[in-house]
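Student: Would you mind keeping the following structure in view while I ask a few things?
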Amino acid sequence: EENSRLFPKLISAVFQVVEAGVDDPKLLEEMFLQLLDAMLLQEDFGTIGQVVLKLRAMEQRAGKDSPISLLLQNFQMKMGEEQRLSRIGDVLKTAKPKSPQDIVRYLTGLDDSVVPTLLSVLESVELAENRTLLADVLTTYAKQLPEPFVNRLRSDRPQTIRDMIYILDKSNHPEKLKFFADTLRSPNLAIRLEVMGIIARGRTGDARKLI
């Protein structure tokens, strides 16, 4: 609780420094990185989201080629690094998070280079509710970048296949039925039935051919 009161004051002080102008951009990057790691440790995803929004607002005023824009890019790149995404995995592994929507906002604001790490994090999450939260986040990436999800349809873990089916189905990728064709040969009856149900809902000539 003490930390939750301290963070807004710290962040306010850091932004005052930013607005006053700093000659050493590396020093600023380091300050923001330390804040990011401290907030992740406290699971304060809401405040991280506020920092991103504030930096975006400042970038709009300063322009895309400004030091603020570089600071924002660096902050978001650090947010998507493996050790920080693994920290989110630790939070989600076995307990319901305090603010799931703040985690969703954190993860959906990153670029698609984070997909392989998020897929690994998904494997480690045991709580069904949190798996769904992560799978829904991954859906936002699957339409533009289906390959990592399609590749995992060949996994020997039924839960992984089920997650990939859920993500690709929800992404509404135009070729999702083609992606599912191989899974109809799965030795796992439950998975075959799941895929057949999705294909049947397709109600197109291609869907009928697959069944």
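The values are calculated or read from the model by the stated rules, or taken from the named source; none is laboratory data. Quick caveat: nothing in here was measured; it's all calculated off a predicted structure. All Cβ positions, even for glycine, are placed from backbone atoms using ideal geometry, and neighbour counts span all protein chains on display. Remember, those area values only see protein heavy atoms, side chains included, never the ligands or the DNA or RNA. Shrake-Rupley method; radii C 1.70, N 1.55, O 1.52, S 1.80 Å.
Student: Rounded to whole Å and sorted largest first, what semi-axes of the equivalent ellipsoid does the C-alpha gyration tensor of the chain yield via the square root of 5 times each eigenvalue?
Tutor: Working: eigenvalues 325, 69, 31 Å².
Calculated on Cα positions only, the semi-axes equal 40, 19, 12 Å.
Student: Using only protein heavy atoms and a 1.4 Å probe, report how much of residue 79 is accessible, in Å² to the nearest 10.
Tutor: Taking all protein chains as shown, residue 79 has close to 10 Å².
Student: Go ahead and estimate [θ] at 222 nm for the chain from helices alone: -39,500 (n - 2.57) per DSSP H run with n ≥ 4, summed, over the residue count, rounded to 500. Don't jump to the answer; show the numbers that get you there.
Tutor: Working: 13 runs with 157 residues, N = 211.
The helix-only estimate for the chain comes to -23000 deg cm²/dmol at 222 nm.
Student: At 0.36 nm per residue, minus the direct Cα-Cα distance, what do residue 10 and residue 184 gain on full extension? Give it in nm, one decimal, please.
Tutor: Values: separation 174, 0.36 × 174 = 62.64 nm, distance 5.48 nm.
This chain segment gains 57.2 nm when fully extended.
Student: Which value results when the Cα radius of gyration for segment 81-157 is divided by 2.2 N^0.38 Å? Intermediate values should be presented prior to the final figure.
Tutor: Details: Rg = 11.8 Å, N = 77, 2.2 N^0.38 = 11.5 Å.
After normalising by residue count via 2.2 N^0.38 Å, the value is 1.03.
Student: Let me confirm the definition first: pairs of Lys residues in the chain, 8 or more apart or on different chains, C-alpha distance under 18 Å. How many are there?
Tutor: 10
Student: Taking every pair of alpha-carbon atoms in segment 100-197, give the share separated by more than 24 Å as a whole percent. Present the calculation step by step, with values, prior to reporting the outcome.
Tutor: On the way: 805 of 4753 pairs.
Percent of Cα pairs beyond 24 Å in segment 100-197: 17.
Student: Using protein chains only and a probe of 1.4 angstrom, how many square angstrom of residue 15 are accessible, to the nearest 10?
Tutor: It works out to around 10 Å².
Student: Out of 161, 31, 191, whose Cα points farthest toward the positive end of the dipole of the chain (charges: +1 Lys, Arg; -1 Asp, Glu; placed on Cβ)?
Tutor: The one lying farthest along the dipole's positive direction is 191.
Student: Something else now. Tell me, what is the percent relative contact order of the chain, built from C-alpha pairs under 8 Å that lie six or more residues apart? Display every interim value, and only then the final one.
Tutor: Working: 182 pairs, mean separation 26.4, N = 211.
Rounded, it is 13 percent for the chain.
Student: Ok, one more. Given Cα pairs under 8 Å that are at least 6 residues apart, what percent is the relative contact order of segment 71-128?
Tutor: Values: 34 pairs, mean separation 30.3, N = 58.
Computed over segment 71-128, the figure is 52 percent.
Student: What is the local net charge at residue 110, summed over the other residues whose Cβ is closer than 15 Å to its Cβ (Lys, Arg +1; Asp, Glu -1)? Write down the numbers at each step before the final one.
Tutor: Details: positive: 56, 78, 84, 87, 105; negative: 81, 82, 102, 111, 112, 136.
Here the count lands on -1.
Student: In 10 Å bins starting at 0, how do the alpha-carbon pair distances of segment 5-66 split up by percent?
Tutor: Going from the shortest bin to the longest, the percentages are 20, 56, 23, 1.
Student: How much accessible area does residue 59 have with a 1.4 Å probe, in Å² rounded to the nearest 10?
Tutor: Number for this one is 20 Å².
Student: Might you report the magnitude of the Cβ-based charge dipole of the chain about its Cα centre, with Lys and Arg at +1 and Asp and Glu at -1, to the nearest 20 debye?
Tutor: Details: 29 positive and 30 negative charges, 242 e Å.
The dipole magnitude comes to about 1160 debye.
Student: What does the net charge come to around residue 133 if you take all other residues with beta carbon closer than 15 Å to its beta carbon, with K and R at +1 and D and E at -1?
Tutor: Spelling it out: positives minus negatives among the neighbours equals -2.
Student: OK, next. For residue 61 and residue 30, FRET efficiency with R0 = 25 Å and r from the beta-carbon atoms, rounded to 0.05?
Tutor: Working: r = 23 Å, r/R0 = 0.94.
So the FRET efficiency works out to roughly 0.60.
Student: Among 145, 127, 109, pick out the residue whose Cα is farthest towards the positive end of the charge dipole of segment 100-211, where Lys and Arg carry +1 and Asp and Glu carry -1 on C-beta, about the Cα centre.
Tutor: 145
Student: Residue by residue through segment 54-60, which ³J(HN,Hα) values in whole Hz follow from phi under the Karplus form 6.51 cos²θ - 1.76 cosθ + 1.60 (θ = phi - 60°), with glycine and proline marked x?
Tutor: The phi angles translate into 5, 5, 5, 4, 5, 5, 4 Hz.
Student: How much of the calculated P(r) for segment 44-90 lies past 14 Å, in percent of all Cα pairs? Please list the in-between numbers first.
Tutor: Numbers: 585 of 1081 pairs.
Taking all Cα-Cα pairs of segment 44-90, the fraction more than 14 Å apart is 54 percent.
Student: On a 1.4 Å probe surface of the protein chains, which of 87, 157 comes out largest in accessible area, and what is the full order? Provide the component values of the computation, followed by the final result.
Tutor: Working: 87 60, 157 95 Å².
In descending accessible area the options line up as 157, 87.
Student: May I pose another question? Is there a quick way to get the dipole size of segment 109-193? I mean about its Cα centre, with the Cβ of Lys and Arg at +1 and of Asp and Glu at -1; what is the value in debye to the nearest 20?
Tutor: Here segment 109-193 has a charge dipole of around 380 debye.
Student: Please compute the net charge surrounding residue 145, taking Lys and Arg as +1 and Asp and Glu as -1 over other residues with Cβ under 15 Å from its Cβ. Write down the numbers at each step before the final one.
Tutor: On the way: positive: 143, 152, 170, 176; negative: 111, 112, 147, 175.
Spelling it out: positives minus negatives among the neighbours equals 0.
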